[in-house]
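Engineer: This is the structure, below, for whatever I ask next.
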Amino acid sequence: MTDTWIILGGTSSMARAFARAVSRNGAQVLLAGRDMKDLEASASDCSLQGAIAAEAIRFDARDANTFAPIIDNASKLEGMINVAVFVGSMPSQDQIDADPSLIAGTVTDNYAGPATFLQMIAPAMEERGGGTVVGVGSVAGDRGRIGNYVYGSAKAGFHTYLSGLRNRLTRSGGHVVTVKPGFVDTAMTWGIEGMFLVATPDKIADDILKAVEKRKDVIYTPGFWRLIMGIITAIPERVFKKLSV
Amino acid sequence: MIWNTLTYTGWGRVHRATAQVARPERISSLAAIQADTGAPAIGMCRSYGDSCLNDGGHAIDMTRVDRLLGFDTENGVLEVEAGARIGDIARRFAPDGWLPSVMPGTGFATVGGCIAHDVHGKNHHGAGSFGQHVVEISLMSGGKLQKISPSKNVKLFRATIGGMGQTGAIVAAKLQLLPCKGDIMTVTERRIENLDHFLEALDNSKSTYTVGWVDATAKGEALGRGILEEAETGYGLVPDAKRSRAVPFNAPGWALSNPMVRLFNAAYLRRVPERGRTSVKPITEFFFPLDKLLEWNRLYGKRGFHQFQCVVPVSEAAVLRVMLDQIGNAGLASPLAVLKRMGAGRAGLMSFPMEGYTLAIDFPNRAGVEPLIAELEEITKNAGGRVYLAKDATLDPSHLMKMYPDLHKFAKLISEIDPDGMYETDQTRRLNIRSHA
Ligand SMILES: Cc1cc2nc3c(=O)[nH]c(=O)nc-3n(C[C@H](O)[C@H](O)[C@H](O)COP(=O)(O)OP(=O)(O)OC[C@H]3O[C@@H](n4cnc5c(N)ncnc54)[C@H](O)[C@@H]3O)c2cc1C
């Protein structure tokens, strides 16, 4: 039986790479996002890469009305329902300092929106007795740093949510993978200074797929970020508060 | 951020550019970028010289716009975004019995780059150039998208194929793929004694894919000796292509010194037994033999290298001897030297191919190389031949008109489309192309 992957935030380059990878394995793919024209092009690509079926569907993290139709659509398909969450937005800390009202949108895009969606779809997954949720967070969620603590805190909220959801879905045979990418070479990071050890979206997609197959709980990708973040989180707060890493 | 300040080079690494580079992932962002700042589109920078460079200006990297948009299994027409790489298309479709009709020697070249230089492959004598298999192009100029084809706006179509990005960004194209038997190649290799023997063997080859490797260090009797490779697609099972490896650092100068190259070439020649041999290979190993070694251009060291590629008419084949003689005497060649028979097929005003023989040779960027190349260019021009702009970084602008008879038409058209020269590259400026309008 063919599994379905709902891919939220399907226009991001990481999502595209992941959609391609599951398509090559012959999944059914629902690409969800806002730029329908772009999603339709990606859906064609998925079909030609090997997806049994691929469709573009509207999703806006800030508009909960778009959630139910996606869930209805997936519920009609046979096989396990899987969800991969790639949505997110990262206004710079400077922009947020200038306009604190941006925080609400940041939290919705990175946490509240996807969490609401997952909360709505969880019963359907439980009913089918399986399925995997991939939640893409960020290493920025591991510790609040002066450079982007609003984005980081939204991702931290999402991480905690995912850990709770994992606890819940495990009971019905489901699984949740929390993915913490380091710097990824995407449109979001293009031209931003201070990037190092940047990974390609294909590498991230590959790591995610392996984690799904092995039912890993939390992965850092590329893997060395576990070490980097281990060091960063070990720094005592009284020292950390004076650093600008 | 939209613009990222990058310093980059063409494949030969002799020239570099520092430019503001945008890398859109969606067509809508490409439109927004173009409407804001017109800039030449670039692909994987597999052109050798300065055709992908725009020092001090802007450039739009198309490599993230790379999706397959549609495939008609009946007639084999593939619609694909311009940043898709030829090798990926070959790997995807060969098992289903289709190949890009024309493939250059690297699978990393993008569809956009293949159109913009109207590239040729090992089947040029039969299949013609890349552009001859392009059914339609979606071109974005000044933020506006239009479809052009041999039946719709054919003038612009012929200026876009081989047009070095000067008509705008190629966003997507419909390509007529070629039926193939499967994803393996049957390859026959034979030793070739000398130049006359080579030309005769190339002329007589009946194979779909034919390419010659020349030992550019050989002199006298052996001048022009080498190996002829002939191949057909087939089906069956062969081991997967070997994993690719990267060259980790710039090689030292002696690595490609004349004695080393002579030794290497002699050994390379002897690899093929005297009576020849036939073997089967994965398609990618035949078409893209160098791609296994990622960043092999570092083998030429920090100073980089030039590739000289010319085509001369059949009646002027004698000048090949003069060229090989000069190259052999100069002792500057690298092991990479290719000789091929070309057909007449070309699709654009500025396309390279002509009926004749094409010779391509790499030279490490050392003292004496640029003067040698200048001589070879002069010989080419006098023989009524052409230098390939995808490889060029040195051509004397005064040779251009004689080599490219449609230059005037081309220059006129692009000056109308782009009066401010926003799509100019280091190459078009160096060759002063717009001055011919
Ligand atoms: C190992 C090797 C072997 C090769 N073998 C062959 C061969 O056998 N035959 C052959 O013909 N060539 C060959 N080439 C040359 C290569 O195929 C061409 O230079 C090709 O144009 C490279 O494509 P690219 O995507 O890297 O383009 P780039 O080098 O990035 O750009 C080349 C030109 O195309 C334009 N361009 C690129 N993308 C677009 C776009 N989307 N829209 C508009 N303009 C665009 C650029 O402005 C520039 O003028 C070889 C190169 C290498 C490195």
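Engineer: Just for strands (runs of 3 or more DSSP E) wholly inside the stretch A:20-96: which have at least 1 residues that are more than 10 Å from chain B (Cβ to nearest Cβ) and within 17 Å of A:Gly135 (Cα to Cα)?
Structural biologist: By residue number, A:28-33, A:81-85.
Engineer: Pick out, from the stretch B:26-91, the strands (runs of 3 or more DSSP E) lying fully within it that include 3 or more residues that are within 23 Å of B:Lys147 (Cβ to Cβ) and either more than 9 Å from chain A (Cβ to nearest Cβ) or of a type in the set (A, V, I, L, M, F, W, C) (or both).
Structural biologist: Of the strands (runs of 3 or more DSSP E) lying wholly inside the stretch B:26-91, those with at least 3 residues that are within 23 Å of B:Lys147 (Cβ to Cβ) and either more than 9 Å from chain A (Cβ to nearest Cβ) or of a type in the set (A, V, I, L, M, F, W, C) (or both) span B:68-72, B:77-81.
Engineer: In the stretch B:153-164, is there at least one residue being of a type outside the set (Phe, Trp, Tyr), more than 14 Å from the ligand (Cβ to nearest atom) and assigned to a loop (DSSP other than H, G, I, E, B)?
Structural biologist: Yes, the stretch B:153-164 contains at least one residue that is of a type outside the set (Phe, Trp, Tyr), more than 14 Å from the ligand (Cβ to nearest atom) and assigned to a loop (DSSP other than H, G, I, E, B).
Engineer: Residue under question is B:Arg23, and the condition is that it be among the basic types (Lys, Arg) and buried (at least 19 other Cβ atoms within 10 Å of the Cβ); does it hold?
Structural biologist: yes
Engineer: Select from the stretch B:89-107 the residues that are within 16 Å of the ligand (Cβ to nearest atom) and out of contact with any Gly (no Cβ under 7 Å at 6 or more places or on another chain) and list them in ascending order.
Structural biologist: B:Ile89, B:Leu99, B:Pro100, B:Ser101, B:Gly105, B:Thr106
Engineer: What is the number of the single condition among (1) assigned to a strand (DSSP E or B); (2) polar (S, T, N, Q); (3) within 13 Å of chain A (Cβ to nearest Cβ); (4) without any contact (Cβ under 8 Å) to a residue 24 or more places away in the chain that B:Thr7 does not meet?
Structural biologist: With (1) assigned to a strand (DSSP E or B); (2) polar (S, T, N, Q); (3) within 13 Å of chain A (Cβ to nearest Cβ); (4) without any contact (Cβ under 8 Å) to a residue 24 or more places away in the chain applied to B:Thr7, the lone miss is (3).
Engineer: Could you tell me whether the stretch B:159-174 includes any residue that is modelled with pLDDT of 95 or more, charged (D, E, K, R) and surrounded by fewer than 17 Cβ atoms within 10 Å (Cβ to Cβ)?
Structural biologist: So far as the stretch B:159-174 goes, no, none of its residues is modelled with pLDDT of 95 or more, charged (D, E, K, R) and surrounded by fewer than 17 Cβ atoms within 10 Å (Cβ to Cβ).
Engineer: Return yes when B:Gly113 is more than 8 Å from the ligand (Cβ to nearest atom) and farther than 22 Å from A:Met14 by Cα and no when it is not.
Structural biologist: no
Engineer: Check A:Val184 against each of (1) touching a residue at least 24 places away in the same chain (Cβ under 8 Å); (2) of a type in the set (A, V, I, L, M); (3) more than 30 Å from B:Thr63 (Cβ to Cβ) and name the one condition it does not meet.
Structural biologist: Failing condition for A:Val184: (3).
Engineer: Inspect all residues belonging to the stretch A:46-58 and state whether any of them is under 15 Å from the mean Cα position of the chain (by Cα) and not basic (Lys, Arg).
Structural biologist: Within the stretch A:46-58 (the criterion being under 15 Å from the mean Cα position of the chain (by Cα) and not basic (Lys, Arg)), the answer is no, since none of the residues qualifies.
The values are calculated or read from the model by the stated rules, or taken from the named source; none is laboratory data. Please read these numbers as outputs of a predicted model, since none were measured by experiment. Note: ideal-geometry Cβ built from the backbone for every residue, glycine included; neighbour counts use all protein chains shown.
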